[in-house]
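Written out below as structure tokens is the structure these notes cover.
None of the figures in this text is laboratory data; all of them are computed from the coordinates on show. Please read these numbers as outputs of a predicted model, since none were measured by experiment. With ideal geometry, Cβ positions are generated from the backbone for all residues, glycine too; neighbour counts draw on all protein chains shown.
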Amino acid sequence: MSVNNKIVVLGAAESGVGAALLAKAKGFDVFISDSGKIADSFKKKLEDNSISYEEGQHTEEKIFSTKEIIKSPGISDKSELIKKAKKNKIKIISEIEFAGRYTKGKKICITGTNGKTTTTLLTFHLLKKAGWNVALAGNIGNSFAELVIEDKYDAYVLELSSFQLDGMFKFKADIAVLTNITPDHLDRYDYKVENYVKSKFRVIQNMDAEGTFIYGEDSELLFDELFDIETVTQELPFSIEETEGVAAWGDEQKFWLDPKFDIASDGHNPADIIEINNSLSVLKGKHNLYNAMAASLVAARMGVKKEIIQEGLSDFVNAAHRMEFVAEIDGIKFVNDSKATNVDSAYYALDAIKEPIVWIAGGVDKGNDYSALNEVVKGKVKVLVCLGKENGKLVNAFKNIIPIIIETQEIEACAKICLEKAVAGDVVLLSPCCASFDLFKNYEDRGDKFKQAVKQLIFNNSRIK
């Protein structure tokens with residue numbers, strides 16, 4: 001079989017195995033390689049479909065015998081294997097790029113530094129509620145490539161990370177959503193924020209006048225980049241400011257949508273404006289107002305009626321670890337926001353809570369500038385519990401602002417300290433600002449262990465009483 005009919009996939013988890021299955025279905029000679037151990041469930045899929053694989057190593061002779069490699073987003077472009085592949089003039093693409101070649105469905109692509117998962121899930125929820133034959137994939141849910149094998153959906157809602165976008169070249173979104181941009185993952189972008197910004201804007205590459213670009217106008221880095229980009233697609237910006245130049249605006253009580261907004265005309269036809277009672281939404285806080293406006297604009301643009309959007313906002317169930325209510329003990333509420341791995345996410349979480357806060361933060365610092373939190377912390381956060389191996393930077397940032405700062409490396413001890421320091425009416429908030437890899441496997445593991453620790457507190461508390 002010729003090299004032109006060979007496909008090599010690097011990484012044998014959800015996206016990689018999905019890509020391998022699609023490649024096999026399309027007649028390619030497929031080889032998949034993973035430097036670690038392949039999970040039994042994925043291994044079975046490969047074996048059932050007679051797909052050659054290796055685990056625990058990367059055999060360069062086999063990997064470089066192709067003209068195209070589908071790379072897992074978790075593998076850095078800076079890895080020696082990828083550098084060598086590029087020197088061999090092998091094209092490196094993502095699973096999303098590959099799957100996009102074989103689908104007839106409408107592609108709704110959602111990215112951004114913060115809020116993309118909530119916006120993706122809410123968009124999917126609203127469309128499904130409206131009767132759309134829609135699937136959820138990308139950085140969340142199922143493998144896009146595996147779904148495309150049968151390609152039975154009319155639309156795909158795709159959450160896209162910057163790492164996935166970096167491997168996309170000819171892919172064209174029908175609707176692109178860019179929630180916001182704040183500095184993140186700079187270690188993958190030569191510590192240059194402009195490189196990260198350009199990566200995010202790849203979501204609109206190849207879009208034409210038939211497409212729709214929905215974006216958060218209040219995001220400074222995002223808005224600044226728009227000045228250097230010529231777009232032909234239809235733009236629907238959203239903002240908390242009520243102006244003639246946006247397609248959605250409002251506050252935590254109400255917001256308004258104009259899905260037929262034309263940015264060139266800089267105005268609204270009153271008959272096109274949809275009013276949404278946001279006080280009925282299960283999503284609270286300013287950050288979730290942005291997420292709700294973005295998802296609602298997608299839905300309204302796709303013809304979903306106001307009543308469905310309103311109802312969908314009130315019965316939506318968000319993903320775990322995002323401002324997730326855990327329990328209430330003696331009038332003290334415990335909230336799990338473990339997904340908040342950067343300053344911007346933590347800011348919105350702290351801002352959304354109006355009660356006094358016992359704040360849990362810490363972990364692997366990603367070059368954070370904590371001064372951005374000073375105003376939202378002052379007078380609101382009564383105790384900071386630092387949960388991490390290296391807490392010096394965090395302690396120094398808040399030692400003159402937060403009255404009580406305590407350090408620990410044990411999640412059970414952390415939960416106990418919070419219960420001791422909080423009183424009825426307070427909120428204990430896990431919103432770490434940092435990555436989790438010093439003490440936990442990932443942010444999910446951190447959030448799960450926090451919830452377990454709170455449950456143990458409930459058990460202990462009931463026994464004492």
*asked:* Here are a few candidate values for Cα extents along the principal axes in Å: [x] 71, 58, 40; [y] 102, 61, 54; [z] 69, 52, 43. Which one was actually calculated from the structure I just gave you?
replied: [x]
*By per-residue mean of other Cβ atoms within 10 Å, what is the highest-first order of 90-98, 277-285?*
90-98, 277-285
_Suppose each label sits 7 Å from its Cα in the direction of the beta carbon; what would the Ala413-Phe437 distance come out to in nanometres?_
2.5 nm
*Taking the Cβ of Asp218 as the center, what net charge do the other residues with Cβ under 10 Å away carry, scoring Lys and Arg +1 and Asp and Glu -1?*
-2
*Lys128 versus Asp262, label points 7 Å from Cα toward the beta carbon: distance in nm?*
3.7 nm
*For each pair in Lys106/Lys284; Lys86/Lys170; Lys6/Lys45; Lys87/Lys152; Lys44/Lys455; Lys84/Lys441, compute the distance between the two Cα atoms and list the pairs where it is over 28 Å.*
Lys106/Lys284; Lys87/Lys152; Lys44/Lys455; Lys84/Lys441
*If we count other beta carbons within 10 Å of each Cβ, what is the order of Ser41, Ser76, Ser345, fewest first?*
Ser41, Ser76, Ser345
*Provide the percentage of antiparallel DSSP beta bridges, counting only those with both residues in the chain; round to the nearest 5.*
20 percent
*So what is the 222 nm mean residue ellipticity for the chain from helices alone, if each DSSP H run of at least 4 adds -39500 (n - 2.57) and you divide by all residues, rounding to the nearest 500 deg cm²/dmol?*
-9500 deg cm²/dmol
*Sites Asn374 and Lys62, calculated FRET efficiency, Cβ-Cβ separation with R0 60 Å, nearest 0.05*: 0.65
*Only loop residues by DSSP count here, and only those with at most 13 other Cβ atoms within 10 Å; note down the GluC sites (Glu not before Pro) in the range 110-187 that meet that.*
Glu150
*Excluding Phe171 itself, what net charge comes from residues whose Cβ is under 15 Å from its Cβ, given Lys and Arg +1 and Asp and Glu -1?*
+3
*Can you check what the net charge comes to around Leu236, using other residues whose Cβ is under 11 Å from the Cβ of Leu236 (Lys, Arg +1; Asp, Glu -1)?*
-2
*Distance in nm between pseudo-label sites at Lys389 and Leu226 (7 Å out along the Cβ direction from Cα)*: 4.3 nm
*For Tyr443, Tyr191, what ranking results if the residue with the fewest other Cβ atoms within 10 Å of its Cβ goes first?*
Tyr191, Tyr443
*To the nearest 20 debye, what is the magnitude of the charge dipole of the range 324-464 about its Cα centre, counting +1 on the Cβ of each Lys and Arg and -1 on the Cβ of each Asp and Glu?*
200 debye
_Along each principal axis of its Cα atoms, how long is the range 324-464 end to end? Whole angstroms, biggest number first, please._
43, 33, 22
*Determine the distance separating the Cα centre of the range 58-106 from the Cα centre of the range 110-177; give it in Å without decimals.*
21 Å
_Sparse-neighbourhood loop sites, trypsin sites (Lys or Arg not before Pro) in the range 153-225 - DSSP loop, at most 14 other Cβ within 10 angstrom_ = Lys170, Lys192
*Give the order of Glu420, Glu390 when sorted by the count of other beta carbons within 10 angstrom, beginning with the fewest.*
Glu420, Glu390
*asked:* Below 8 Å between Cα atoms, with a sequence gap of 6+, how large is the relative contact order for the range 3-93 in percent?
replied: 33 percent
